[in-house]
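Visitor: What follows is a single structure, and I will ask about it in a moment.
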Amino acid sequence: IDQDFEFLKSYKNLKKLTILIPSDTSSIKGLKMISFVSKNLEELDLDISYSDENIGNGSSTIKYICKKFKKLKKLKLKISRNESFEDSEKSNITFFRKTGEKWEYNKDGPRPFELDLKIISRLKDLKQFGFRQKYNDEMGFKIINPISITKLKKLKTLNIKNGKFSSNDLEIINKLTTGER
């Protein structure tokens, strides 16, 4: 549970933190756990999973991270659902037994996780940013406000799955960042 991480309060000078939460045993919501970490953190690698009905906690956790850790230089997030999906390559369908939803195999589901890059762009010192999901989260994710990433003047490395940016967005990003960046 989140309170198990209260010991992090004692690390006032903590600069780098990696937290890997097992998806099958966790009842961590994220916000309370992160609140125990010093605001001077410079590198955060967070791997956390939520049940489908609580996937919104992932967005809340990202908002809280971007609000609290203004000195972050490296941020690596892995936010997924800890649910089971069934795939059928033969019938070209992915099935979510819990809700009965079906969608085309190897495509994002009807309710993908939404990664808002406008929120990430609040981290003005960010040099590296990565986002991904566990291989078994078949709902996938989509990017909101992709052009906002250009506000991060110090950003050198962006690691997000291919195909999540549209060609048009990539052209705009290229025009805005061509030059010294």
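Visitor: When only Cα pairs under 8 Å and 6 or more residues apart are kept, what is the percent relative contact order across the chain?
Guide: 17
Visitor: Here's something else I'd like to know. For a quick check: with amide H placed at 1.01 Å from N, whose amide H comes under 5 Å from GLY130's, ignoring anything fewer than 5 positions away on the same chain?
Guide: LEU75, LYS76, LEU77, ASN159
Visitor: Got a sec? Charge dipole of the chain, +1 on Cβ for Lys and Arg, -1 for Asp and Glu; which of SER35, LEU14, ILE160 is way out at the positive end?
Guide: The one lying farthest along the dipole's positive direction is LEU14.
Visitor: Also, I was wondering about something else. What are the ³J(HN,Hα) values, in whole Hz, obtained from phi via the Karplus relation 6.51 cos²θ - 1.76 cosθ + 1.60 with θ = phi - 60°, for each residue of segment 136-152 in sequence order, with x given for Gly and Pro?
Guide: Along segment 136-152, the couplings run 9, 8, 6, 6, x, 8, 10, 9, 10, 6, x, 5, 4, 5, 6, 6, 8 Hz.
Visitor: In addition: Between ILE93 and residues 5 or more places away or on another chain, which pairs have amide H atoms under 5 Å apart, with H built 1.01 Å from N, and which residues are they?
Guide: SER88, TYR105
Visitor: At a 1.4 Å probe radius, carbon and sulfur cover how many percent of the accessible area of segment 1-142?
Guide: Here carbon and sulfur together make up 47 percent of the probe-accessible area.
Visitor: Provide the per residue accessible area, probe 1.4 Å, for the chain, rounded to a whole number of square angstrom.
Guide: Ligands and nucleic acids excluded, the result is 58 Å² per residue.
Visitor: If you plug each phi of segment 87-98 into the Karplus form 6.51 cos²θ - 1.76 cosθ + 1.60 with θ = phi - 60°, what whole-Hz ³J(HN,Hα) values come out, in order, with x for Gly and Pro?
Guide: Once rounded to whole Hz, the list reads 10, 9, 5, 5, 8, 6, 9, 10, 10, 9, 4, 4.
Visitor: If amide hydrogens are placed 1.01 Å from N in the peptide plane, which non-local residues have theirs closer than 5 Å to the one on PHE141?
Guide: Those qualifying (amide H under 5 Å, at least 5 residues apart or on another chain) are PHE113.
Visitor: Over 26 Å between Cα atoms: which of LYS39/LYS76; LYS67/LYS102; LYS39/LYS175; LYS78/LYS154 fall into that group?
Guide: Over 26 Å Cα-Cα: LYS67/LYS102; LYS39/LYS175.
Visitor: Which value in deg cm²/dmol, rounded to the nearest 500, describes the helix-derived mean residue ellipticity at 222 nm for the chain, given -39,500 (n - 2.57) per DSSP H run of n ≥ 4 and division by the residue count?
Guide: Using -39500 (n - 2.57) per qualifying helix, the result is -5000 deg cm²/dmol.
Visitor: Please sort by residue number the GluC sites (Glu not before Pro) in segment 86-176 whose DSSP state is loop and whose Cβ has at most 14 other Cβ atoms within 10 Å.
Guide: Passing sites in segment 86-176 are GLU89.
Visitor: Where a Cα-Cα gap under 19 Å defines reach, which aspartates and glutamates qualify for LYS68, not counting those fewer than 8 residues away within the same chain?
Guide: Once the sequence-local aspartates and glutamates are set aside, what remains near LYS68 is ASP2, GLU6, GLU42, GLU43, ASP45, ASP47, ASP116, ASP125.
Visitor: Cross-link list LYS29/LYS142; LYS16/LYS153; LYS12/LYS73; LYS16/LYS107; LYS73/LYS107: which exceed 28 angstrom alpha carbon to alpha carbon?
Guide: Check vs 28 Å cut-off fails for LYS16/LYS107; LYS73/LYS107.
Visitor: With θ taken as phi - 60° and the coefficients 6.51, -1.76 and 1.60, list the Karplus ³J(HN,Hα) couplings across segment 99-108 in order, rounded to whole Hz; mark glycine and proline as x.
Guide: Using θ = phi - 60°, the values come out as 10, x, 6, 10, 7, 4, 4, 6, 10, 5 Hz.
The values are calculated or read from the model by the stated rules, or taken from the named source; none is laboratory data. Model, not experiment: these values are computed from the prediction. Cβ sites come from the backbone with ideal geometry, for glycine too, and all protein chains shown count toward neighbours. Side chains included, ligands, DNA and RNA excluded: accessible areas come from the protein's heavy atoms. Shrake-Rupley method; radii C 1.70, N 1.55, O 1.52, S 1.80 Å.
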